[in-house]
Amino acid sequence: MAERTIGTQARDTGRLTAKDLVFCAAFGILVFFITMGFAMVCSFDYRTCWSAHAASSLITGMAWMYIVQRVPKRGAMIAMGAIMAAFGFVMGMFWTGPAGILVGCLAAELILGNPKTRGRGRILASFPAFVLLFWLGHISLVYMIGGDAYVAQCVQAGMAEEFSRNMVDFMYGPGMVVTCIATVVCATLGGFIGTKVFAKHFRQLGVR
């Protein structure tokens, strides 16, 4: 019996099915909630409140890698991104957050490329690209509207003004560069952990 690879599975299953979309929705929302859970924990200190994407990626990388091997079809990441973005918008995220999710999943889809020629390098690169763009979308509103306007929005949402100001000031310091680097490094490690957890599944799909 011929070895079953990502390419043969993609040919066998064709386009995205309703079952595939259910998987994308379930794991997309799982990634969203894990990230938001870490955001709540990290928000206790203004120096760590922008680190949620980095910390959560050590866990969400497993969900991402499961979807990559469970639904190895074109459009799977875009479908997941659209569902996550819509869910985030409904949950009250500032619009740049959902935009970052959608752009991140689109970039991941482009990196993954054709399922028939998809390899470990592309799969591993797709996750940090998504996390970085999700993070950039999340933080970009501050730079777009300015620190004072963002502080005013935070205060209106119920946050303390001093904490909001410290959080914004942190974004204009060297600590934000470290956070950016940590986001990429942790997401890369999270993706690697995900491939190890599902190593058997990837071997069955012919990924080395």
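Odds and ends about this structure:
- Counting residues in region 133-142 that are out of contact with any helix residue (DSSP H, G or I) (no Cβ under 6 Å at 6 or more places or on another chain) and closer than 17 Å to A79 by Cα gives zero.
- Residue count for region 126-155, restricted to those that are open to solvent by less than 40 Å² (accessible area, probe 1.4 Å), under 18 Å from the mean Cα position of the chain (by Cα) and either closer than 20 Å to G28 by Cβ or of a type outside the set (A, V, I, L, M) (or both): 10.
- Here region 171-185 is the region considered, the condition is being modelled with pLDDT under 90 and in contact with a helix residue (DSSP H, G or I) (Cβ under 9 Å, 6 or more places away or on another chain), and the residue that is surrounded by the most Cβ atoms within 10 Å (Cβ to Cβ) is M171.
- All positions within region 73-105 that are within 20 Å of M144 (Cβ to Cβ), open to solvent by 20 Å² or more (accessible area, probe 1.4 Å) and hydrophobic (A, V, I, L, M, F, W, C): F89, M93, F94, W95, A99, L102, V103
- Long-range neighbours under 8 Å by Cβ, at least six apart or interchain, first residue within 20 Å of G61 (Cβ to Cβ) within region 174-190, second small (G, A, S) and not in a helix (DSSP H, G or I): T179/S51; A182/S51; T183/S51
The values are calculated or read from the model by the stated rules, or taken from the named source; none is laboratory data. Being a predicted model, the structure only gives us computed values, none of them experimental. All Cβ positions, even for glycine, are placed from backbone atoms using ideal geometry, and neighbour counts span all protein chains on display. Accessible surface is based on the protein model in full, side chains and every heavy atom, while ligands, DNA and RNA are left aside. Shrake-Rupley method; radii C 1.70, N 1.55, O 1.52, S 1.80 Å.
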